[in-house]
Structures are given as C-alpha cells and as structure tokens.
C-alpha cells in the first residue's frame, strides 16, 4: 500500500466558499485530516457554476492559498448544468469524467470520496476505471429533496431513474455515509457493502475561544435578557420561517422582552410579516449575516438555539446542532424532531422539547435562565467530547485506511 492516504474528494454544485456546512464538514475536516497524517495527499476537486467562480474569484484564490498552506490541493472547475436530466446524464458523466480521471491519475489518488449524488456518479465511474474504492457521502436523499422542493413528482420517470442510480451508488461504493443512524441502517438494508454513521460536527476549539473572549469581556451570562437564535437559509422547505416565528411568539408569552436573532444570508421578510400580523414589534428581531468562519463570534450572546425537522425524512442531523452546543447555547427542539439528536438533548439536559402551539412548554425557560451558566457549560463539554470535527477526520482516516488495504 502507498504510504499515507491519497485522497481525491469531489463536490458538485456546492459553494465550498460560502456554505457553512461545507466549511465545517469538508474544508475543516480535510484540514484536520491532513494534520493527523502528514504523509497524506489530499485533493479537493469542486465543480461549481461559472458565474460563481467568476464572481467570487478572489475568495476562491484565497481559499486555494489557505488549503495549499495546509497541504491540500484545491481545484475548482465550472460545471455545465446543476442537475443533468436522466437522458443527458450519460453524456454528462463522460464529459466530466476526463478531468476527474486526469486529477486522480496525476495525484495517484487511491481512494475517491464523493459528496452527494452527481459527484457520486463521477466518482463511481472513475473508481471503476481506476480500480480504487469509492466513498459515497450523500448527506441527504437527493431524489426526495427534489420532490419536496416541487421540482419532480414521485410518479415521474426522472424520480424513478434517480432512485435506481441511488441504489447503484449504494451497492457499488466501498462505503456509504449516513448522517444519522437511521440513514446508515437504510443503506445497509439496501445492500451497502459498508455503511458508516458520521454525524455533522464542528470545530469546537473556535467556538470555545469565542465563548472565552465573550465571557471575559462581559457578564458571561444573559442575565434578565432572553434571546432565541436561529441559523439557516429561510427560503426553502428545510427552514420554515413561520415555524421559527411561532416559537418566538411562544417564548414571548413568558418573556415579553425576549429578542429573536436570525443569522441567514436570505431575506427574513416572511418571518417579519408573520410576526407583525400578530402584533410583534419588528425591532425585537435582529438580522445578521456572515461568513462561516465568523459564526463563533456572531452566535455569542444568544441564550437559546432552535432546531426543527420541517420535512418528513430521517436524515436530519444539522450542523447547527453541533454549533449551538459548541457555542454554549442550550437548544430548543421542536416536537417535529426525532431520533438521536432529540435523545441526546433530553438525556444530557442540553435543552428542552417544545411545541409552539403549547406555550406552557416554555415554562422551563425560567429555570434554565436561573442556572444558565451551568447549562451552557454542559453544552460546551458535550460538544467538545462528542461533536468535534477532529472526530470526523479520524473516522474518515480509519475508513480510508480500511478501504485502501482491502483487496479490490
């Protein structure tokens, strides 16, 4: 076996520069992986829209330099279309397979890690031709997501073809990644050779430093002020602005002076209109935006973070779950959430479960605020032990070693 892991990591139609989830789960994960194994050869190959590459060229150049300093090669290429149709998929794969093959051959990549479905098809074709293992990392059920966003119909030929391609990727990949235990188990039932649970984590050191600076410069606890924080793009089915607003209204019934802080790159008009129609002063809503690396600083001062499951799938393990805890912010979990994250919150006393239509669920807020520092410290400690991105890097490093040492 070649000394040191030799990895080609592929993303497609994902902005590695501006996406918080990609920053933590790809950029930071690869940097930590490189620090764990100095002999590792890591190449990040990202296909993005030509408009984005041109508009953010300075940022991508800076990102390339940053990764180069960490010992990672970054290659950004323009993609042709966001989602090829099934009819044009074969031509698309053949067209973009050439740069994937050339990159893998030039850097002698011994394992390919494909994030999401189209990157997975490219990775599968390359891994088959080169005889190297593929890690298929879907993170979410793409065909079902297209239905939820109103792009496809479940009865459509397009959906059925993509489900068949999904099954092919699951069966042919050397390993498939599930973001929740339920997702992992589903892959196993569908014939995955190896299925691994890898939750979304974060760099807890950055958050710990931000918490320390905030506490040293201020009271270290919110006092009588109460602030609900929500992070996420509020324009898709994933992050329902009305559900966020409903939770804030329920909180206001117990704390009339509470504030709502929304950290998002999208507009918040729908949430504001909903709140205004119910008599909530818009001055109680703070709208912020920032780059992924600024999140530890932006989140400081919030007293509660909100997570929910707006769609009926079991692949929900949001990055904000780890970030809230790492920032020392107890979590309010909407009753729509299920699975391991909810059990962790309940069992470890890192927040509480609430239904916005039952404001009495929020009575516990007073008890938490009375000992908020204790709750905050408990969140930080759990995140540092269980949700640090270094654990993800070690997990993937072990997986790559297993795959490259196994007979192909």
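In this structure, residue 369 does not qualify as over 30 Å from residue 250 (Cα atoms) and in a helix (DSSP H, G or I).
Kindly indicate whether residue 25 is surrounded by fewer than 20 Cβ atoms within 10 Å (Cβ to Cβ) and either more than 23 Å from residue 108 (Cβ to Cβ) or without any contact (Cβ under 8 Å) to a residue 24 or more places away in the chain (or both). Spelling it out, it is not the case that residue 25 is surrounded by fewer than 20 Cβ atoms within 10 Å (Cβ to Cβ) and either more than 23 Å from residue 108 (Cβ to Cβ) or without any contact (Cβ under 8 Å) to a residue 24 or more places away in the chain (or both).
Looking at this structure, is residue 116 touching a residue at least 12 places away in the same chain (Cβ under 8 Å) and in contact with a helix residue (DSSP H, G or I) (Cβ under 7 Å, 6 or more places away or on another chain)?
Values: touching a residue at least 12 places away in the same chain (Cβ under 8 Å): yes; in contact with a helix residue (DSSP H, G or I) (Cβ under 7 Å, 6 or more places away or on another chain): yes.
So residue 116 fits the description; yes.
I need the full set of residues from segment 153-181 which are more than 17 Å from the chain's Cα centre (by Cα), part of a helix (DSSP H, G or I) and in contact (Cβ under 8 Å) with a residue 40 or more places away in the chain, in order please. The answer is 157, 158, 161, 162, 165, 166, 168, 169, 172. Residue 119 - would you say it is part of a helix (DSSP H, G or I), over 24 Å from the mean Cα position of the chain (by Cα) and modelled with pLDDT of 90 or more? It is false that residue 119 is part of a helix (DSSP H, G or I), over 24 Å from the mean Cα position of the chain (by Cα) and modelled with pLDDT of 90 or more.
Filtered by the rule that a residue be more than 18 Å from residue 96 (Cα to Cα) and in a loop (DSSP other than H, G, I, E, B), segment 16-59 gives 16, 17, 18, 19, 37, 38, 39, 40, 56. Of everything in segment 30-58, what is crowded, with 18+ Cβ neighbours inside 10 Å and closer than 22 Å to residue 263 by Cβ? Give them in sequence order. Within segment 30-58, 52 is the sole residue that qualifies. Can you find a residue that is assigned to a helix (DSSP H, G or I) and modelled with pLDDT of 95 or more anywhere in segment 348-366? Within segment 348-366, one or more residues are assigned to a helix (DSSP H, G or I) and modelled with pLDDT of 95 or more. When segment 341-351 is filtered for residues that are buried (at least 16 other Cβ atoms within 10 Å of the Cβ) and either in contact (Cβ under 8 Å) with a residue 60 or more places away in the chain or over 17 Å from residue 244 (Cβ atoms) (or both), the ones remaining, listed by number, are 341, 342, 344, 345, 350. Among the residues of segment 325-334, some residue qualifies, meaning at least one is in contact with a helix residue (DSSP H, G or I) (Cβ under 8 Å, 6 or more places away or on another chain) and more than 18 Å from residue 382 (Cα to Cα).
Would it be correct to say that residue 344 is closer than 24 Å to residue 212 by Cα, part of a helix (DSSP H, G or I) and either modelled with pLDDT of 95 or more or not assigned by TED's automatic domain parsing to the domain that holds residue 26 (or both)?
On the way: closer than 24 Å to residue 212 by Cα: no; part of a helix (DSSP H, G or I): yes; either modelled with pLDDT of 95 or more or not assigned by TED's automatic domain parsing to the domain that holds residue 26 (or both): yes.
When the stated conditions are applied, residue 344 does not pass them.
Do we have residue 63 as at pLDDT 95 or above, outside any strand (DSSP E or B) and over 30 Å from residue 156 (Cα atoms) here?
Working: at pLDDT 95 or above: no; outside any strand (DSSP E or B): yes; over 30 Å from residue 156 (Cα atoms): yes.
Judged against the criteria, residue 63 is not a match.
Taking the residues in segment 359-401 that are over 22 Å from the mean Cα position of the chain (by Cα) and free of Cβ contacts under 8 Å to residues at least 12 places away in the same chain as candidates, determine which candidate is farthest from residue 296 (Cα to Cα). Looking at residues that are over 22 Å from the mean Cα position of the chain (by Cα) and free of Cβ contacts under 8 Å to residues at least 12 places away in the same chain, I get 360.
The values are calculated or read from the model by the stated rules, or taken from the named source; none is laboratory data. Fair warning: this is a prediction, and the values are worked out from it, not measured in the lab. We place every Cβ from the backbone using ideal geometry, glycine too, and count neighbours over all the protein chains shown.
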